[in-house]
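Asker: Have a look at this one before I ask anything.
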Amino acid sequence: MSKYDNIPYKMYLDENEIPTAWYNVRSDMKNKPAPLIHPGTLQPLKFEDMQPIFCDELIRQELDNDTKYVPIPDEVLNFYKMYRPSPLTHAVFLEKMLDTPAHIFYKFEGNNTSGSHKLNSAIAQAYYAKKQGLKGVTTETGAGQWGTALSMACSYFGLDCKVYMVKVSYEQKPFRREVMRTYGANVTPSPSMDTEIGRKINAEHPGTTGSLGCAISEAVEAAVSTPGYRYELGSVLNQVLLHQSIIGLETKAACEKFGIKPDIIIGCAGGGSNLGGLISPFMGEKLRGEADYQIIAIEPASCPSFTRGRYVYDFADTGKVCPMAKMYTLGHDFIPSANHAGGLRYHGMSPILSQLYADGYMEARSVEQTAVFEAAEKFARVEGILPAPESSHAIRAAIDEALKCKETGEEKTIIFGLTGTGYFDLTAYEAFNNGTMTDYIPSDEDLEKGFASIPKLDL
Ligand SMILES: *Cc1c(COP(=O)(O)O)cnc(C)c1O
């Protein structure tokens, strides 16, 4: 007999139980995340400074450290109803396979065409662009989840969507590109020849296959130089964590409805948006001293911003057209090794999570990619879902924690974020299945090269 014998395998909220306001974790933080600063003046960015880049309402959300609950607009809530509430699943088959006394639950965000949680913020961002009367938005995408999500959201609201896609992904991952085009997006391989920064990067690094940091620079330039356009970003920013709090709010509501008390909450961390969203309401309780949870961020050993990065101001992009953010960073010139297959390759981290980590409210660990795919395979075989490589970082850690419980006999309750599905990552699965996948951990010298690109500021 276990304490969770009487709950369903999949715990759904009713449609009318979807939260109607996002929760802003900054409102409960004593040490607020450091503001974005202007690279020239080093002064915190003001509303007017950001206006050429972002939509007005999204800037307000970015700067708002105080409002606790932000109402979700009806148009966004209606769209959420197409694929939300997402299920909180009791991973009984995984528990059985591991023969662990631990209880494992996962919140699955892969049940929409974009295949990930990114649609939660994309639809909000497209809504505010539409409301402002804009013609369209620009963005970047790496493997394509964010670009796909924003394409879907823009198509819903009748906005143009221009996506700069990292060239190597554009060429090697044509399928997501075609999903974006199906939703009407204009997809350009980056670095391209249609922006100044793209031409510069192409001239300096002939034959380059691009990077996320470089695609961001191009998308921002395209937005500020095209009337009626703004730029939208799928992670890292405070506004994105705000929108993603829907994941955590639903999780918490399901926990309350079904009597689940988590001890450990785990999420993978690229720019920090899914993890930030999942933990927000739980972190709020922790910050207010109402409850305690062990919160763990999992990142790839090949791109270890939290575990080996520096907590300093750095540029958000390679081309240095974006503002600077104080965050755990590997340096804006850091490019993860080419053998790194599993996503999560951004050099920096959400300023909110960076502050919470610096203040000791959460932990971080790094895992190697073959161990991640071993976990993905185990999970797929027993729970039936083919997980995204990114999500599988969290699966790895959840399995490791459950195995620790097996040693100690502890009956801990673990919740992890299953952010998406892996149907577009089959080249990585192929390498794993063929036994040709390798692990790469950057040496201290490798990291020094990235750190050398961090601006030396007198702050
Ligand atoms: C983008 C993505 C991530 C990582 O981004 P975060 O902003 O750190 O959440 C994780 N999982 C999936 C499936 C993604 O698409």
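Asker: Hey, any hits in segment 266-273 for a residue that's over 23 Å from Cys303 (Cβ atoms), more than 9 Å from the ligand (Cβ to nearest atom) and at pLDDT 95 or above?
Answerer: Checked segment 266-273: no residue is over 23 Å from Cys303 (Cβ atoms), more than 9 Å from the ligand (Cβ to nearest atom) and at pLDDT 95 or above.
Asker: Taking the conditions exactly as written (among the basic types (Lys, Arg), in contact (Cβ under 8 Å) with a residue 40 or more places away in the chain and either farther than 29 Å from Ser27 by Cα or more than 16 Å from the ligand (Cβ to nearest atom) (or both)), does Arg230 satisfy them or not?
Answerer: yes
Asker: So, one more: Has segment 13-21 got any residue that is within 24 Å of Tyr361 (Cβ to Cβ) and surrounded by 12 or more Cβ atoms within 10 Å (Cβ to Cβ)? Even if it seems obvious, please write down each step before you answer.
Answerer: So the first thing to find is which residues in segment 13-21 are within 24 Å of Tyr361 (Cβ to Cβ), and the list is 19, 21.
Right, trim to surrounded by 12 or more Cβ atoms within 10 Å (Cβ to Cβ) and you get 19, 21.
For segment 13-21, residues within 24 Å of Tyr361 (Cβ to Cβ) and surrounded by 12 or more Cβ atoms within 10 Å (Cβ to Cβ): present.
Asker: From the residues in segment 327-385 that are within 15 Å of the ligand (Cβ to nearest atom) and charged (D, E, K, R), which one is nearest to Arg396 (Cα to Cα)? If you could, list the steps in order and put the result at the bottom.
Answerer: If we filter segment 327-385 for residues that are within 15 Å of the ligand (Cβ to nearest atom), which is where we start, we get 327-330, 336, 340-354, 356-357, 362, 364-367, 369, 372-373, 375-376, 379-380, 385.
Among the residues that remain, those that are also charged (D, E, K, R) are: 345, 365.
Values: Arg345: 18, Arg365: 11 Å.
My answer is Arg365.
Asker: Which numbered condition trips up Asp359, out of (1) surrounded by fewer than 24 Cβ atoms within 10 Å (Cβ to Cβ); (2) at pLDDT 95 or above; (3) farther than 27 Å from Leu88 by Cα; (4) touching a Pro at 6+ places or on another chain (Cβ under 7 Å)?
Answerer: (4)
Asker: Filter segment 64-91 down to the residues that are basic (Lys, Arg) and open to solvent by less than 20 Å² (accessible area, probe 1.4 Å) and list them by number. Walk me through how you get there before you give the answer.
Answerer: As a first pass, look at segment 64-91 and keep what is basic (Lys, Arg): 68, 81, 84.
Arg84, the sole residue that qualifies.
Asker: Taking Lys118 as the residue in question, decide whether it is open to solvent by 60 Å² or more (accessible area, probe 1.4 Å), out of contact with any strand residue (DSSP E or B) (no Cβ under 6 Å at 6 or more places or on another chain) and modelled with pLDDT of 95 or more.
Answerer: Answer is no for this residue.
Asker: If you go through segment 280-288 one residue at a time, do you hit one that is open to solvent by less than 10 Å² (accessible area, probe 1.4 Å), within 18 Å of His117 (Cα to Cα) and within 14 Å of the ligand (Cβ to nearest atom)?
Answerer: Yes.
Asker: Now for a different question. Looking at segment 129-148, which of its residues are under 20 Å from the mean Cα position of the chain (by Cα) and either open to solvent by 10 Å² or more (accessible area, probe 1.4 Å) or within 23 Å of Ser225 (Cβ to Cβ) (or both)?
Answerer: Val137, Thr138, Thr139, Glu140, Thr141, Gly142, Ala143, Gln145, Trp146, Gly147 - these are the residues of segment 129-148 that are under 20 Å from the mean Cα position of the chain (by Cα) and either open to solvent by 10 Å² or more (accessible area, probe 1.4 Å) or within 23 Å of Ser225 (Cβ to Cβ) (or both).
Asker: Yes or no: Thr251 of a type in the set (S, T, N, Q) and farther than 30 Å from Asn6 by Cβ? Before the answer, list the steps.
Answerer: Values: of a type in the set (S, T, N, Q): yes; farther than 30 Å from Asn6 by Cβ: no.
No, not satisfied.
Asker: Taking the options Asn78, Asn111, Asn31, Asn65, name whichever one is among the polar types (S, T, N, Q) and out of contact with any helix residue (DSSP H, G or I) (no Cβ under 9 Å at 6 or more places or on another chain).
Answerer: Unique residue meeting the criteria: Asn78.
Residues checked against (1) outside the structural domain of Ala149 (by TED's automatic domain parsing); (2) surrounded by fewer than 23 Cβ atoms within 10 Å (Cβ to Cβ); (3) at pLDDT below 95:
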position: Ile395; (1), (2), (3): yes, no, no
position: Thr408; (1), (2), (3): yes, yes, no
position: Gly417; (1), (2), (3): yes, no, no
position: Gly420; (1), (2), (3): yes, no, no
position: Thr427; (1), (2), (3): yes, yes, yes
position: Asn433; (1), (2), (3): yes, yes, no
position: Thr438; (1), (2), (3): yes, yes, yes
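Asker: Search segment 133-151 for residues that are farther than 8 Å from Val163 by Cβ and pair each with any residue that is near the ligand (Cβ under 9 Å from one of its atoms) and not small (Gly, Ala, Ser) when their beta-carbon atoms are under 7 Å apart and the residues are at least 6 apart or on different chains.
Answerer: Gln145/Lys118; Trp146/Lys118; Ala149/Lys118
Asker: Next question, about the same structure. Only residues that are among the small types (Gly, Ala, Ser) and within 16 Å of the ligand (Cβ to nearest atom): list them for segment 74-125, please.
Answerer: Listed by number, the residues that qualify are Ser86, Gly110, Ser114, Gly115, Ser116, Ser121, Ala122, Ala124.
Asker: Collect the residues in segment 43-56 that are open to solvent by less than 60 Å² (accessible area, probe 1.4 Å) and either under 13 Å from Ala129 (Cα atoms) or touching a strand residue (DSSP E or B) at 6+ places or on another chain (Cβ under 8 Å) (or both), keeping them in residue-number order.
Answerer: Residues of segment 43-56 open to solvent by less than 60 Å² (accessible area, probe 1.4 Å): 45, 47, 50, 53-56.
Selection gives Leu45, Ile53, Phe54, Cys55, Asp56.
The values are calculated or read from the model by the stated rules, or taken from the named source; none is laboratory data. These figures come from a predicted structure and were not determined experimentally. Glycine also receives a Cβ, built like all others from the backbone with ideal geometry; neighbour counts cover every protein chain displayed. Note: areas computed on protein heavy atoms with side chains; ligands, DNA, RNA excluded. Shrake-Rupley method; radii C 1.70, N 1.55, O 1.52, S 1.80 Å.
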